[in-house]
1. Ranked highest first by the average count of other Cβ atoms within 10 Å around their residues, in what order do 426-433, 375-382 fall?
2. Just the accessible area per residue of segment 1-114, please: how many Å² with a 1.4 Å probe?
3. Each residue of segment 42-59 in order: what ³J(HN,Hα) in whole Hz does its phi give by Karplus 6.51 cos²θ - 1.76 cosθ + 1.60, θ = phi - 60°, with x for Gly and Pro?
4. Looking at the chain only, what percent of DSSP beta bridges run antiparallel? Nearest 5 please.
5. Take the alpha carbon gyration tensor of segment 231-275, find the square roots of its eigenvalues, order them as a ≥ b ≥ c, and report rounded if a/c is under 1.5; if not, report prolate when a/b exceeds b/c, else oblate.
6. For the chain: lysine pairs with Cα atoms under 24 Å, gap of 8 or more or different chains, count?
7. Once you have the alpha carbon radius of gyration of segment 282-410, what is it after dividing by 2.2 N^0.38 Å, with N set to its residue count?
8. Let me have the 222 nm mean residue ellipticity of the chain computed from DSSP H runs of 4+ only, each contributing -39500 (n - 2.57), with the sum over all residues rounded to the nearest 500.
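The values are calculated or read from the model by the stated rules, or taken from the named source; none is laboratory data. Just so you know, these numbers come straight off a predicted model, no measurement behind them. Positions of Cβ are backbone-derived with ideal geometry, glycine not excepted, and every protein chain shown enters the neighbour counts. Remember, those area values only see protein heavy atoms, side chains included, never the ligands or the DNA or RNA. Shrake-Rupley method; radii C 1.70, N 1.55, O 1.52, S 1.80 Å.
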Amino acid sequence: MSGTFVGMPAFPEAARTAVGNPTLRGNLRHATHTIRHKRARAVAELDDWAALREAGRRIKDHALRHLDRYLVQVEEAVTAAGGTVHWAADAEEANAIVARLVKETGEREVVKVKSMATQEIGLNEALEAEGIHAYETDLAELIVQLGKDRPSHILVPAIHRNRGEIRDIFRSEMGEWGRPAPEGLTDAPAELAEAARLHLREKFLRAKVGISGANFVVAETGTLVVVESEGNGRMCLTLPETLISVVGIEKIVPRWQDLEVFLQTLPRSSTAERMNPYTSMWTGTTDEDGPGTFHLVLLDNGRTDTLADEVGRQALRCIRCSACLNVCPVYERAGGHAYGSVYPGPIGAILSPQLRGTGSEIDASLPYASSLCGACYEVCPVAIDIPEVLVHLRERVVQGGPAVRRGNRVVLRPAKGHAAERAAMRAAQWAFTHPGALRAGQRLASRTRRFHPRTLPGPGRAWSGTRDLPEVPAEPFRDWWQRTRGGKDGAK
């Protein structure tokens, strides 16, 4: 992945700063609770939601197992429809391809549909370095760009901003990017939306090159699909003469029929709508409508490495609905910036360390950015067992072990700062494989319970500093069971 966010402090430090911001916490609490409740009502309308969820899981797993075949099928179908396919192994290669394609048009401005893949690779910054200005057209992305900020949510990138902050950004920054904000602009939602519409309209009418991502790519037809709520995506996909789509290879679904599942589950899980207001599909080019030139950049950037991990690969099922963020107690309090990635929240905690590796301090800390409550798994429309992957990645951070990096099998070294955890786990492993020692330790702990400290010393202080130590029972469970025969002899 791009180094845009790498270098940030580890999650605990970044989260501690975020938690101390009452405005941020208020914005997040209001927004996530609102989206969460609306989603629950929308999902409850479908009697077959569980079946749709299972179907989505099976479709994505099948596509990932046979990705080599479907990728070739996509290239053949897109080429036959008049498009051109490019392959990018990493962020640097993808950025170079897009910059070259834009330069070949002779243009120096592009309009963009909201795209997490282009954020992942730092495309805007790469284009700026080449003298090309990229303008975000999604309202929330526009707010982030004008505010020289970073996205903090998958669906609502400016969720950390309130209306007053957005008004101030529009007033101070719009004029430097194009049409200025209207005089006397207030923080009324209708006025803010109208200011953005007027500002963006001139960009749409002038731009000759559009850049998009895609929610899905259909292998059998080469069709790309973008779902959105504002209509800006439709403008970017139809008005420019050249369209460049940067898409992660995991976005492929085998058949057109498969869209029937995801076009029900995605809108309900993301915007709590029965269907998205705008669902745009395009296959190559035509003489009658849309861009005359179409380029598809298929992006790897760590995805095949992730695919090689039997446990972690389920993260590639993600359809970017953001439902897991809206129910996560950690995200609600820490916000998206603390994750140091364009993929925040529970899905970011398992996806970013796999795409980027766990070599940096921030990536090594992300698998611990969770209470393991399981709420994320319960709402995921493709049944990604995020807690399972989190535990798997924690083991990788602490123990190291075999992994795949850039297509090569390597043995990772344990991350720094986990020596005490490794020692504790080894001691626990030894105790659980020696019943006599475990029994003696339990009895000793019970008999000395009144002398136990309220907090742990040394490295354990980080754990007990934010939670109470559990009280040791008066006697071990085994002794109680043996004494009462499981409660049958008068145990109350």
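1. On the way: 426-433: 11.1, 375-382: 21.6.
The peptides rank, most packed first, as 375-382, 426-433.
2. On the way: 5950 Å² over 114 residues.
Accessible surface, normalised per residue, equals 52 Å².
3. Listing the rounded values in order: 5, 5, 5, 5, 9, 5, 9, 4, 4, 5, 5, 4, 5, 5, x, 4, 5, 4 Hz.
4. Bridges in the chain are about 35 percent antiparallel.
5. Working: a/c = 2.31, a/b = 1.37, b/c = 1.69.
Oblate, because a/c is 1.5 or more while a/b does not exceed b/c.
6. Step by step, the pairs that qualify in the chain add up to 16.
7. Numbers: Rg = 16.8 Å, N = 129, 2.2 N^0.38 = 13.9 Å.
Taking the Cα Rg and dividing by 2.2 N^0.38 Å, one obtains 1.21.
8. On the way: 23 runs with 241 residues, N = 492.
Dividing the helical sum by the residues of the chain leaves -14500 deg cm²/dmol.
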